[in-house]
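Undergrad: Okay, here's the structure, questions in a sec.
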Amino acid sequence: MPAQNVPLLKRLLRLRVLLLVNVLVLGFLAVSFGREFVRSMEIERDIRGLQERVASLQAKNLEITELSTAFQTESFIEREARLKLGLKRPGEEVVVVHAPTSDASTPAAAAATPEQIIAEASELEPVANPVKWWYYFFDAPQFQALSTL
């Protein structure tokens, strides 16, 4: 009986070795498949990004083409010549409308001498920062009056 156990033991060991080899081959195939799957996902993501970029560049190209054709029209060239170069057609009259001037250019403001301006500024008494903070926290109307000066 011990002689029959040896071939059975050898057969079991061979089966275990065969099983181990099969597990190693399956593991190698699984790792290879996983790497290829990840690589194909990255390639698909890159393709989607490039397709989006192509679409945006095509839209930009179309916009540039439209602007180019608009710039070449006679009406655009004439309008730019009128606005930027101040040109006019024969027989037309150009009217320039000036915006109203500010109060600083009125004669009363222009008549003020530097001494008068310094005197008006010196009439305002400077307020110390601690006093300003006191008004800020405890007397809001007084602080607003100081802020408007």
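The values are calculated or read from the model by the stated rules, or taken from the named source; none is laboratory data. Not measured: the values here are computed from a predicted model. Note: ideal-geometry Cβ built from the backbone for every residue, glycine included; neighbour counts use all protein chains shown.
Undergrad: Do any residues in the range 129-149 that are at positive phi have Cβ atoms under 6 Å from those of residues that are at pLDDT 80 or above, where the two are at least six apart or on different chains, and which pairs are they?
TA: none
Here is a yes/no grid of residues against (1) assigned to a loop (DSSP other than H, G, I, E, B); (2) in contact with a Ser or Thr (Cβ under 6 Å, 6 or more places away or on another chain); (3) over 30 Å from Leu83 (Cα atoms); (4) modelled with pLDDT of 80 or more:
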position	(1), (2), (3), (4)
His98	yes, no, no, yes
Thr101	yes, no, no, no
Ile117	no, no, yes, no
Pro126	yes, no, yes, no
Pro130	no, no, yes, yes
Ala145	no, no, yes, no
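Undergrad: So which residues in the range 70-95 are surrounded by 10 or more Cβ atoms within 10 Å (Cβ to Cβ) and part of a helix (DSSP H, G or I)? Give the derivation first.
TA: Residues of the range 70-95 surrounded by 10 or more Cβ atoms within 10 Å (Cβ to Cβ): 70-71, 73, 76-82, 87-88.
Those that are surrounded by 10 or more Cβ atoms within 10 Å (Cβ to Cβ) and part of a helix (DSSP H, G or I): Ala70, Phe71, Phe76, Ile77, Glu78, Arg79, Glu80, Ala81, Arg82.
Undergrad: Here are some conditions: (1) surrounded by 10 or more Cβ atoms within 10 Å (Cβ to Cβ); (2) of a type in the set (Val, Ile, Thr); (3) at pLDDT 65 or above. Thr106 meets all but one. Which one does it not meet?
TA: If we test Thr106 against (1) surrounded by 10 or more Cβ atoms within 10 Å (Cβ to Cβ); (2) of a type in the set (Val, Ile, Thr); (3) at pLDDT 65 or above, just (3) comes out false.
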